[in-house]
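Take a look at the structure below.
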Number of protein chains: 2
Amino acid sequence: VSAALPQGVELVRVNGEETSAIAALDRGLHYGDGLFETIACVGGVPRLIGLHLKRLAGGCERLKLTADLAALEREVYELARPTARSILKVLVTRGPALARGYGTSGAEKATRITLRYAWSEDPALAREGVRVRMAKVCLGENPALAGLKHLNRLEQVLARAEWGDPEIAEALMLSSGGALISGTMSNVFLVHGGGLRTPRLDRCGVAGVMREAVLQAASAAGIAAEECVLNAEDLARAEEIFLTNALIGIRPVRELAGRTLPAGTLTPRLQELLAPLLAAPGGLAGMNG
Amino acid sequence: VSAALPQGVELVRVNGEETSAIAALDRGLHYGDGLFETIACVGGVPRLIGLHLKRLAGGCERLKLTADLAALEREVYELARPTARSILKVLVTRGPALARGYGTSGAEKATRITLRYAWSEDPALAREGVRVRMAKVCLGENPALAGLKHLNRLEQVLARAEWGDPEIAEALMLSSGGALISGTMSNVFLVHGGGLRTPRLDRCGVAGVMREAVLQAASAAGIAAEECVLNAEDLARAEEIFLTNALIGIRPVRELAGRTLPAGTLTPRLQELLAPLLAAPGGLAGMNG
């Protein structure tokens, strides 16, 4: 537990204290009973913090998990400050179990874990695009969990274990019902007829903050954008495809399962629209807290 | 982390050492990337240990998780020995993350966590039966995870949070496709026309060790038993219903969502058949290691 931190990890805190240990009885470990956020920090400030905190607060409400989000926000700003670029991962769990079994008493005290990682993303990929495959593992459908960035992530672990080729950046996942949902660690947008389409996330998937930022930016720029039920055929017909997440922003897909995709026009236009938001704090109203 | 253990917890070990802390970077916490077993210990011996170890080994294989199961078995016997009755919970995770993200390198070192709890089950319920409700939360379908006792258990946490009445012992859960699957912490059997039926677990659910023991005992006694796709109508038509898990053995359902069920004949007969297995080590060949 007290071993040196692995490469790339700069700092770990549990409930505000620098430590690399959490309670073995934590419900986050036993059940995945918690939520997380992965936040890009740029210029010493957490990017899209407003959207991250909004999603986390919504997740806490849905899981009936009481956490001190004001303390969390203060800590995020504090940890972001010292470095020009970093990645903050924040986990909030229901805390140590007070009894055996799934039941809760409501007296549980949430655990807050913050980890700061060195920046790892290659900005060149935003221009060059990435190669993507289709995952074999599907995503189970559960409206009660859909959209949440919770700690039950075995489906993503299994999907990511399907390939080792470092030239492949991501895999797209379908639901058990055959609907296109997302990448293992990103949301997906299709361009069709000059408009944007992205999967509805009311049965599974994570409602990404960058997905939200893209939808808001498209709306503000008068670009048609729709959340809808999509499938593998829609993917095959898409004129452009791009991925989003809090760290990578917008990343064009230049190859999907062997099919080459064009650089396109709407993807670079959206990248331009989002550039002010991604380069530094400020940008679109409300998103940066 | 070093706080006193909560009521009912006698002992916690991580990788064989008595401690109440695990690494904050453990993939069990971040992704639920691991498995668990809950083992009843009777007369100082872990009950159904053969079935527990077989399921755990199968789960490790499916998740490509390399763990020292021989060391785990030794520790389980050691922890079971001092007390007449106890509950052992064993978790095996993929260990501390070596890098950020879902990907694995294969160099991860599994974490083994063992917890011993005081015995908590009331034997009178095996005669009296229990009251059961229907859960509103469903179980997502994923063949890649079906049957495994993995650490992604938010669906069970949410289902258990639907009721507070201590007179209700369990809730039955349907899959997102409407099939009857299991309780939140138990498997379910229906009696119909003198035979047994229990849900197939190839799309979701946990393949319980007591479920397996019941199927084997029924087979040995010439009682028809079938694993099949069942739904709410099958439940409504069932003549007897009972729940199973490693701790409770066979527990009759005397009331389901307001409907009273008879004591029945096959349920007590199966309880008798399993009694030697549950009372003490020995019993059906192979199940106790």
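Summary table
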quantity	calculated
Mean accessible surface per residue for the protein assembly as shown, computed with a 1.4 Å probe while every protein chain stays in place, in Å²	39 Å²
Residue B:30 accessible area, 1.4 Å probe, all protein chains in place, Å² to nearest 10	10 Å²
Exam field: residue A:226 pseudo-label spacings to other copies (7 Å along Cα-Cβ), nanometres	4.5
Residue closest to axis [chain B; rotation mapping onto A; Cβ; Å]	B:140, 1
Residues in the range A:142-160 that, when all protein chains are in place, have 50 Å² or more less accessible area than the chain alone would give (probe 1.4 Å)	A:142, A:152, A:154, A:157, A:158
Fraction of accessible area attributable to carbon and sulfur, the protein assembly as shown (%, probe 1.4 Å)	52 percent
CD proxy at 222 nm, helix term only [per DSSP H run n ≥ 4: -39500 (n - 2.57); per residue of the protein assembly as shown; nearest 500]	-7500 deg cm²/dmol
Pairs beyond 23 Å (Cα-Cα), from A:149/B:89; B:89/B:149; A:89/B:136; A:89/A:149; A:149/B:54; B:64/B:89	A:149/B:89; A:89/B:136; A:149/B:54
Within a Gaussian network of chain A (alpha carbon springs, distance under 10 Å), most fluctuating of A:106, A:129, A:16	A:106
Inter-copy separations for residue A:275, label at 7 Å along Cα-Cβ, nm, ascending	8.1
Gyration tensor verdict on the range B:140-219 (Cα atoms; rounded if a/c is under 1.5, prolate if a/b is larger than b/c, oblate otherwise)	oblate
Heavy atoms of residue B:149: accessible area, 1.4 Å probe, square angstrom to 10	40 Å²
Amide proton proximity set for residue B:226, modelled H, under 5 Å, gap of 5+	B:196, B:197, B:198
For residues of A:14-21, the mean tally of beta carbons on other chains within 10 Å	3
Solvent-accessible surface ranking, highest first, for B:68, B:33 at 1.4 angstrom	B:68, B:33
Spatial separation of Cα centroids for the range B:162-181 and the range B:21-85, in angstrom	26 Å
Cβ-based net charge around residue B:207, under 9 Å, with every Lys or Arg adding one and every Asp or Glu removing one	+2
Three-way shape label, the range B:187-257, alpha-carbon gyration tensor, a/c 1.5	rounded
Projected label distance in nm at residue A:69 and residue B:224, using a 7 Å step from Cα toward the beta-carbon	5.6 nm
If the convex hull is drawn through the Cα atoms of the protein assembly as shown, its volume per residue in Å³	145 Å³
Copies compared at residue B:68 - label distances in nm, ascending, label defined 7 Å from Cα in the Cβ direction	3.9
On Cα atoms only, tilt of A:69-80 relative to the major axis of chain A in degrees	70 degrees
Distance from the range B:196-263 to the range A:189-251 (C-alpha centre basis), Å	44 Å
Per residue Cα convex hull volume in Å³ - calculated over chain B	132 Å³
Three-way shape label, the range B:1-84, alpha-carbon gyration tensor, a/c 1.5	oblate
Beta bridges per DSSP with both ends in the protein assembly as shown, % antiparallel, nearest 5	80 percent
C-alpha long axis of helix A:266-279 to longest principal axis of chain A, angle in °	30 degrees
Shape parameters for the range A:216-284, alpha-carbon atoms, Rg then Dmax in Å	13.2, 39
Compactness index (Cα Rg / 2.2 N^0.38 Å), the range B:87-168	1.52
Chains A and B, summed buried accessible surface - 1.4 Å probe, Å², nearest 100	4800 Å²
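The values are calculated or read from the model by the stated rules, or taken from the named source; none is laboratory data. Everything quoted here is computed from the prediction, not taken from an experiment. As a convention, Cβ positions derive from the backbone with ideal geometry for all residues, glycine included, and neighbour counts pool all protein chains shown. Just so you know, the surface numbers come from the protein's heavy atoms only, side chains and all, with ligands and any DNA or RNA stripped out. Shrake-Rupley method; radii C 1.70, N 1.55, O 1.52, S 1.80 Å.
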